[in-house]
Amino acid sequence: MLVIFKGVGWAVLPIFIILFIGTQLIVDAAYGDGYSDSHIWQVYTSTIASAILVAFLGYWFNYKKRSLIFDEKTGDSRLSNRHTLFFIPVEYWAILMPMIISYFAYDSAQKNLKLI
């Protein structure tokens, strides 16, 4: 899969993955091995934490840190490029990723109910 990004857009996926794995390890260490596999709340907790972090990251880099670029030859000025992942600004991933993860968690739960 080709990952298309600009700026810090590459950081969106590692943030979600690292916080998901970290939350799972912490929950398993606190409640016992295999606890996170049988309880879904840790998935939602890590997703919310990741979404908050990505939202702040996107806001910071796309609104606070964007600089004004001045072209001396033409006299034009413009804002620097936005930070994106798959052409979507980073801060919007804070909304999209929880929706995607919630869908897959719901779909997995429905499949598990059919197996019972």
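The values are calculated or read from the model by the stated rules, or taken from the named source; none is laboratory data. On a predicted model such as this, the values are computed, not experimentally measured, just so you know. Neighbour counts run over all protein chains shown; Cβ positions are idealised from the backbone, glycine included.
Here residue 80 fulfils each of the conditions (1) surrounded by 11 or more Cβ atoms within 10 Å (Cβ to Cβ); (2) of a type in the set (Ser, Thr, Tyr); (3) at pLDDT 75 or above apart from (3). When 16, 56, 61 are screened for being surrounded by fewer than 19 Cβ atoms within 10 Å (Cβ to Cβ) and either assigned to a helix (DSSP H, G or I) or out of contact with any Cys (no Cβ under 6 Å at 6 or more places or on another chain) (or both), only 56 passes. When each of 71, 37 is tested for being within 22 Å of residue 105 (Cβ to Cβ) and modelled with pLDDT under 80, the lone residue that passes is 37. With the condition kept exactly as written, say whether any residue in region 51-69 is in contact with a His (Cβ under 9 Å, 6 or more places away or on another chain) and small (Gly, Ala, Ser). Within region 51-69, one or more residues are in contact with a His (Cβ under 9 Å, 6 or more places away or on another chain) and small (Gly, Ala, Ser). Do we have any residue at all in region 25-34 that's assigned to a loop (DSSP other than H, G, I, E, B), under 30 Å from residue 108 (Cα atoms) and among the small types (Gly, Ala, Ser)? Yes.
Taking the criterion of being surrounded by 14 or more Cβ atoms within 10 Å (Cβ to Cβ) and either closer than 15 Å to residue 40 by Cβ or not acidic (Asp, Glu) (or both), the residues of region 89-116 that qualify are 89, 90, 92, 93, 94, 96, 97, 98, 101, 105.
Taking the condition in a helix (DSSP H, G or I), free of Cβ contacts under 8 Å to residues at least 40 places away in the same chain, surrounded by 14 or more Cβ atoms within 10 Å (Cβ to Cβ) and within 15 Å of the chain's Cα centre (by Cα), does residue 46 pass? Full working, then the answer.
Details: in a helix (DSSP H, G or I): yes; free of Cβ contacts under 8 Å to residues at least 40 places away in the same chain: yes; surrounded by 14 or more Cβ atoms within 10 Å (Cβ to Cβ): yes; within 15 Å of the chain's Cα centre (by Cα): yes.
Considered against the rule, which asks whether it is in a helix (DSSP H, G or I), free of Cβ contacts under 8 Å to residues at least 40 places away in the same chain, surrounded by 14 or more Cβ atoms within 10 Å (Cβ to Cβ) and within 15 Å of the chain's Cα centre (by Cα), residue 46 comes out as yes.
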